[in-house]
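Working notes, structure below.
The values are calculated or read from the model by the stated rules, or taken from the named source; none is laboratory data. What you see is a predicted model, and the numbers here were worked out from it, not measured in a lab. When we count neighbours, we look across all protein chains shown, and the Cβ atoms used for this are built from the backbone with ideal geometry, even at glycine.
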Amino acid sequence: MGIFASIRQSFEGRAPERPDFAIAGQEIGDKEVGRSHDHDVALEHTDHELSGMTIGIEHVDADGSVSRRWATIVTAAEVDGHNRLLCHCFANEGLRSFRMDRVINLFDEHGETFDVREFLALKASPTKARTGGGSYRSVLRDGLRVLIAVARSDGHLDDKEVDAIMDYARAEGARKGVTQDEAALAELRRYIERLQPSGSVVTSCIDRLTNEDKATQDNLLAYLANVVRADGVLDSSEAELEKLIAKRLERKSDNSPN
């Protein structure tokens, strides 16, 4: 089995874990809203900037039924002629789509709401803050997603693993000229805690990272080693992914011209 296939198999088909902040009691509405899909539908569409982000969705159905649901965004795509959010919905533990023109608001655990169009386009400054501090997220997106996915591969994200990922963000951000901003770093931590990347997203990130310079790759691998050992337990799934990712990056390096 190829390296990418092995990595994808490690994540694909695994339902996102409901984060601690996504309390079931905050969900309202008895009617099942949105549209149900098979998992294969998500594979037909490309990655989105917010793929893997857990957020609250307030949605009105065609008959006027309103619901509030916690969900993890899989992607945003046009399906059957409508722009939709494809999400893993925690209320029914399945893949559902919500028409964007019927999404009233997106909300966080504090009840703060965001306009769905601004949120997805990442235009408004509050949106950028809520999705990870803007510059850190955009500059380090692939490395962050890989580290988060590997940390979650044993089924949970430990605070010490988040600390190790934050160390990577500070170090790699400084190396790439990102001005350190404690407020942005605090929001980045929330982004890390909310994100649950899929296998397809992770393999795309690794593919792009093979084209990065050696210093970027070496720094990622160094912090990857820190992340998988951060909680004091070397989980077999984390160790195997660390080995696969290192092998993929080393193969690219070996094939590069001197």
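Please determine, by comparing only the residues of segment 80-98 that are among the charged types (D, E, K, R) and free of Cβ contacts under 8 Å to residues at least 60 places away in the same chain, which one is farthest from VAL116 (Cα to Cα).
Checking each candidate, the answer is ASP80.
Restricting attention to segment 193-215, which residues are surrounded by fewer than 18 Cβ atoms within 10 Å (Cβ to Cβ) and either hydrophobic (A, V, I, L, M, F, W, C) or assigned to a helix (DSSP H, G or I) (or both)?
Passing the criteria: GLU193, ASP207, ARG208, LYS214, ALA215.
Filter segment 12-31 for residues that are surrounded by 15 or more Cβ atoms within 10 Å (Cβ to Cβ) and either modelled with pLDDT of 75 or more or assigned by TED's automatic domain parsing to the domain that holds VAL150 (or both) and give the result.
Of everything in segment 12-31, those that are surrounded by 15 or more Cβ atoms within 10 Å (Cβ to Cβ) and either modelled with pLDDT of 75 or more or assigned by TED's automatic domain parsing to the domain that holds VAL150 (or both) turn out to be PRO16, GLU17, ARG18, PRO19, PHE21, ALA22, GLU27, GLY29.
Quick one: in segment 32-62, which of the residues that are modelled with pLDDT under 70 and aliphatic (A, V, I, L, M) is farthest from ARG145 (Cα to Cα)?
Result: VAL41.
Return a yes/no flag: does segment 218-228 have any residue that is exposed (fewer than 15 other Cβ atoms within 10 Å of the Cβ) and assigned to a loop (DSSP other than H, G, I, E, B).
no
Determine whether segment 166-174 contains at least one residue that is more than 21 Å from the chain's Cα centre (by Cα) and modelled with pLDDT of 90 or more.
Yes, some residue in segment 166-174 is more than 21 Å from the chain's Cα centre (by Cα) and modelled with pLDDT of 90 or more.
Answer yes or no: is there a residue in segment 121-136 that is among the hydrophobic types (A, V, I, L, M, F, W, C), crowded, with 17+ Cβ neighbours inside 10 Å, in a helix (DSSP H, G or I) and at pLDDT below 85.
Among the residues of segment 121-136, at least one is among the hydrophobic types (A, V, I, L, M, F, W, C), crowded, with 17+ Cβ neighbours inside 10 Å, in a helix (DSSP H, G or I) and at pLDDT below 85, which makes the answer yes.
Considering only residues that are part of a loop (DSSP other than H, G, I, E, B) and loosely packed, with under 14 Cβ neighbours inside 10 Å, which ones fall in segment 152-175?
If the condition is that a residue be part of a loop (DSSP other than H, G, I, E, B) and loosely packed, with under 14 Cβ neighbours inside 10 Å, then GLY155, HIS156 are the ones that fit.
Is segment 242-252 home to any residue that is assigned to a loop (DSSP other than H, G, I, E, B) and at pLDDT 85 or above?
Among the residues of segment 242-252, not one is assigned to a loop (DSSP other than H, G, I, E, B) and at pLDDT 85 or above, which makes the answer no.
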